[in-house]
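The values are calculated or read from the model by the stated rules, or taken from the named source; none is laboratory data. Keep in mind the model is a prediction, meaning the values are calculated, not measured. Because the Cβ atoms are built from the backbone with ideal geometry, glycine has one as well, and the counts that use them run over all protein chains shown. We work out accessible area using only protein heavy atoms, side chains counted, and drop any ligands, DNA or RNA first. Shrake-Rupley method; radii C 1.70, N 1.55, O 1.52, S 1.80 Å.
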Amino acid sequence: MNNFAEIISKFAQKRLLVIGDTIADRFVYGEISRVSREAPVFILRHEHTETTPGGAANCAANLAALGAKVALISVIGEDEAGRVLLETLETAGLDCHGVVVSSERRTTTKMRVLAGQVHSTRQQVIRIDYDGEPALTSDEREQLAQRLREEIENADALIISDYNYGVVDVTLAALARDAADQRRIPVFIDSRFRLSDFPRFTSATPNEDEIAQLSGQPLTNDQELEAVGAKLREQLVYRSLLVTRGSRGMVLFEADAKPLHIEAVGSSQPVDGTGAGDTVIATYALAIASGASFAAAAQLANFAGGIVVMKRGTATVSAKELLDTATSS
């Protein structure tokens with residue numbers, strides 16, 4: 001517990017760089033008023049709409065909430081969702097000089113409609129996705145590369161947050177790896193569906209379903225998970241691999257060590273898992289940048305994940321919340 005407190009106390013001294021797909025998470029709340037005459041669907045009386053940072057922006061927001069200094073490199077559209085998102089990030093204290101505002105590209109947006117009766121809890125009834133389109137231009141890619149070269153000079157660690165919306169390609173990832181190697185700082189990967197495209201980094205945080213897809217086989221027990229996880233870490237030449245398993249916790253793989261199973265903390269009935277993976281990699285990377293071992297960082301990330309899934313929407317965890325949970329568990 002004293003070790004956890006010491007690690008967390010160093011968070012505010014660190015500066016992390018996040019590069020990846022920024023998403024506007026929009027939550028539309030409404031009250032079910034009646035059934036429509038036009039179709040057999042409910043009519044919702046709109047109450048309010050919230051826009052919160054998602055994807056790489058949520059990862060960056062979690063780092064800021066934990067007390068770190070954060071710079072974000074990404075692309076947003078010159079639209080209403082992008083403007084709200086950028087204002088929210090700057091208000092949270094993020095350095096957004098690395099964010100490219102595109103006049104051609106739409107801000108990637110995930111709109112969730114939450115509905116309920118009077119005095120009842122609002123439940124998600126549908127999600128509408130607006131993908132970031134069209135593809136990035138060569139000029140926008142060069143802007144991202146230049147901002148990466150500039151921002152990494154002051155970073156203590158780098159996180160690549162890849163949601164497969166086109167911001168990070170193999171060329172930009174290779175540039176990030178080479179620049180980080182020159183400065184001898186760690187690089188962490190959170191990639192949806194494309195982890196095999198990002199070899200020879202420090203660590204990654206895939207979930208169990210993602211590594212099952214990469215292996216091409218279902219994982220029916222712990223033994224199969226251990227075999228596939230260890231093989232994947234070795235193939236990708238990572239120093240460690242942290243596999244998240246939802247209510248079953250996490251498993252950490254390191255070279256020359258047995259897999260470390262970490263039990264989930266908190267309630268077995270999470271309120272909302274939206275963005276929990278962003279919280280996990282933010283905490284994990286920041287802890288390692290602050291001198292933690294992979295095992296200690298994974299345990300802190302597990303605590304953070306347990307906290308954030310008990311909050312509604314795309315949420316963050318503060319350093320105080322993490323410290324209170326870590327020292328009381």
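Annotations for the structure displayed:
- Checking region 99-113 against the condition returns no match, with no residue being assigned to a helix (DSSP H, G or I), open to solvent by less than 40 Å² (accessible area, probe 1.4 Å) and in contact (Cβ under 8 Å) with a residue 40 or more places away in the chain.
- For region 132-170, the tally of residues that are within 17 Å of His97 (Cα to Cα) and among the small types (Gly, Ala, Ser) stands at 2.
- Unmet criterion (only one of (1) over 19 Å from the mean Cα position of the chain (by Cα); (2) within 30 Å of Ser196 (Cα to Cα)) for Val118: (2)
- Some residue of region 29-48 being assigned to a strand (DSSP E or B), of a type outside the set (Gly, Ala, Ser) and within 30 Å of Ser191 (Cβ to Cβ): no
- Region 278-329, subset assigned to a loop (DSSP other than H, G, I, E, B) and of a type in the set (A, V, I, L, M), residue nearest to Ala255 (Cα to Cα): Ala292
- Output for region 268-283, where each listed residue is among the polar types (S, T, N, Q) and either within 18 Å of Ala227 (Cβ to Cβ) or open to solvent by less than 60 Å² (accessible area, probe 1.4 Å) (or both): Thr274, Thr279, Thr283
- Residue count for region 116-145, restricted to those that are among the hydrophobic types (A, V, I, L, M, F, W, C) and either modelled with pLDDT of 95 or more or farther than 19 Å from Arg312 by Cα (or both): 5
- Pairs linking a residue in region 270-281 that is of a type in the set (Phe, Trp, Tyr) to a residue that is surrounded by fewer than 24 Cβ atoms within 10 Å (Cβ to Cβ), with Cβ atoms under 6 Å and 6 or more positions apart or on different chains, do not occur.
- Taking each residue of region 293-316 that is closer than 29 Å to Gln124 by Cβ and among the aromatic types (Phe, Trp, Tyr) and looking for partners that are part of a loop (DSSP other than H, G, I, E, B) and open to solvent by 20 Å² or more (accessible area, probe 1.4 Å) with beta-carbon atoms closer than 7 Å, six or more apart or interchain, yields Phe303/Val265; Phe303/Ser329.
- Answer from Ala295, Ala315 - the residue that is of a type in the set (A, V, I, L, M), surrounded by fewer than 24 Cβ atoms within 10 Å (Cβ to Cβ) and at pLDDT below 95: Ala315
- Enumeration of residues in region 163-201 that are open to solvent by 50 Å² or more (accessible area, probe 1.4 Å), within 20 Å of Ile288 (Cβ to Cβ) and polar (S, T, N, Q): Gln182
- Meets criteria (modelled with pLDDT under 95, out of contact with any Asp or Glu (no Cβ under 7 Å at 6 or more places or on another chain), surrounded by 13 or more Cβ atoms within 10 Å (Cβ to Cβ) and not hydroxyl-bearing (Ser, Thr, Tyr)) for Ile7: no
- In region 157-193, of all residues being more than 18 Å from the chain's Cα centre (by Cα) and assigned to a loop (DSSP other than H, G, I, E, B), the one that is nearest to Lys110 (Cα to Cα) corresponds to Ile185.
- Unmet requirement for Gly67, which otherwise passes all of (1) surrounded by 21 or more Cβ atoms within 10 Å (Cβ to Cβ); (2) under 21 Å from the mean Cα position of the chain (by Cα); (3) part of a loop (DSSP other than H, G, I, E, B): (1)
- Selection within region 194-222: residues that are of a type in the set (Val, Ile, Thr) and not in a helix (DSSP H, G or I). The member of this set that is farthest from the chain's Cα centre (by Cα) is Thr220.
- Taking region 214-256 as the range and being small (Gly, Ala, Ser), open to solvent by 20 Å² or more (accessible area, probe 1.4 Å) and modelled with pLDDT under 95 as the test, the residues that pass are Ser215, Gly216, Gly246, Ser247, Ala255.
- Check on Leu225, assigned to a helix (DSSP H, G or I), more than 30 Å from Thr137 (Cα to Cα) and either in contact (Cβ under 8 Å) with a residue 60 or more places away in the chain or not hydroxyl-bearing (Ser, Thr, Tyr) (or both): yes
- Against the test of being part of a helix (DSSP H, G or I) and open to solvent by 40 Å² or more (accessible area, probe 1.4 Å), the options Ala61, Ala12 yield a single qualifying residue, Ala12.
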